[in-house]
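Below you'll find the structure, written out as C-alpha cells, and then a few comments.
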C-alpha cells in the first residue's frame, strides 16, 4: 500500500550523497524497496512493526547463498503437504462440496455461500476448534487459515492448501531455508487473496464482474503459487552484503531510543502519513505468518491486538516526530525522512523541517510528484497525486 518503490531511487541517491560511513537503518522498511535499492550503496538494518515483512526481509536481505533449489524444496515438502491435505479434505468434505456447488452456480449462490460460511469470528464451534488446534503439537495444529479466512479472503480449498503447506514447512528439518519457504508461502497467498490490494476487507460477488473475478481466483492453487514464489523470492545483493545486514521487528521509535544499534551511518524514516492504522490492511498476512490463533471479530475477521502508531494519530503525530528527530540526533548521524505535503503532520499545522531544525543543524528538502494509494478505492480513483518530500537532516 505504500509509496516507497517510486521513491527508492531518490532515497538511495540522497543517502549516497551523504558519504556517511556505516549501515543504513530503514525504520519503516515494509516490503524492502529501499533496502533493495541500497545493495550497491551500503549495508542495511531493516525494521517494521509487522512480523511477516521481517520474514521476507530475512529471506531476501540476509544469509548465505542458497545451496538448495526450488525443485528440491518442493520434493522435500510434498509428502507432508499431501498428508495434511488429505486430513483436511476429510474434515471439510461436506463444506468443500457446498463450496464447489456455489462456485459452479450463480452469483446469488456464491453470495449466499459466503454469507452463511462459518469462521472463528462468528462461530462458537470454530472458536473451540481453534483452541484445540492452537494447543495441538501434531498435524491437527495446522488449520488456522481454514478456521479464520476461508469463504472470504480465500476459498476453503485454498485455505486448506495453505494450512497443509504450512504443516510441511514447519516440519521440515532444513532450518536454513525456513525464512525463504515462509516468505514464499506468504507471497504465494498474496497473489490469491480475495481483496482489493489490502486485507481490511474481502471482496464479495456484488456485481457480475466481482463474481467472475472471485470464481476465477478461487479456482487457482495455493500450492502452485507457493511453488512459483520459491523462485521469485530471490536473494538480493552479494553474500558479503547480506551478511552485514540485520532485520528487526518492532516500533520504530522504540528501536532508535533503545541505544542498541551499532555501526550506523544514516537513518531513513518513511512514517505513516494518514490517520489509517496500516496494520488493519495487513492483518491477514500477519495472522497467517504468526499462526497464533488470535481472537477474531467483524466482517474483516480482525485480530484485536493490531499494532498502532502515534504517526497516524493527529493528537500524537507531532510528539512522534519530535521523538524520532530527538533520538536520531543523539546518534550523531544524518536522518533522511520522506513525507508528503498532505500528511497528517501538516494538518496539525507544523512541518517536518520545523521539528527537525530543533535537533539538527541543517535540513535540505527535495520534492517529487507521486501517486498515493487510496486504500482500495471503494469510491473514485485508486490513486491520487501528491507531493512527496525528502528531508535530509544533517547533524
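A short reminder: the numbers here are calculations on the coordinates, not readings from a lab. In this text the structure is predicted, and so the values were computed from the model without any measurement. Ideal geometry is used to build each Cβ from the backbone, glycine not excepted, and the neighbour counts take in all protein chains shown.
Values as computed for the structure displayed
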read-out	value
The chain - share of DSSP beta bridges that are antiparallel (%, nearest 5)	55
Computed helical MRE - 222 nm, the chain, DSSP H runs ≥ 4 contributing -39500 (n - 2.57), nearest 500	-14000 deg cm²/dmol
Residue of 152, 63, 298 that the Gaussian network model of the chain assigns the largest fluctuation, springs spanning Cα pairs under 10 Å	298
Packing-based order for 349-359, 221-231, using average beta carbon neighbours within 10 Å, highest first	221-231, 349-359
Distance from segment 231-265 to segment 138-168 (C-alpha centre basis), Å	31
Sequence ranges 35-46, 242-253, ranked by mean other-Cβ count within 10 angstrom, highest first	35-46, 242-253
Ascending count of other beta-carbon atoms within 10 Å, so fewest first, for 336, 395	395, 336
The chain: relative contact order in percent, alpha carbon pairs under 8 Å with at least 6 residues between	21
Segment 70-232: relative contact order as a whole-number percent, Cα under 8 Å and 6+ apart	27
Per-pair calculated FRET efficiency, R0 = 25 Å: residue 348 and residue 257 via Cβ, rounded to 0.05	0.70
Kirkwood Rh in Å, taken over all unlike Cα pairs in segment 187-343	19.1
Segment 63-117 and segment 194-230: distance between their alpha carbon centers, rounded to Å	13
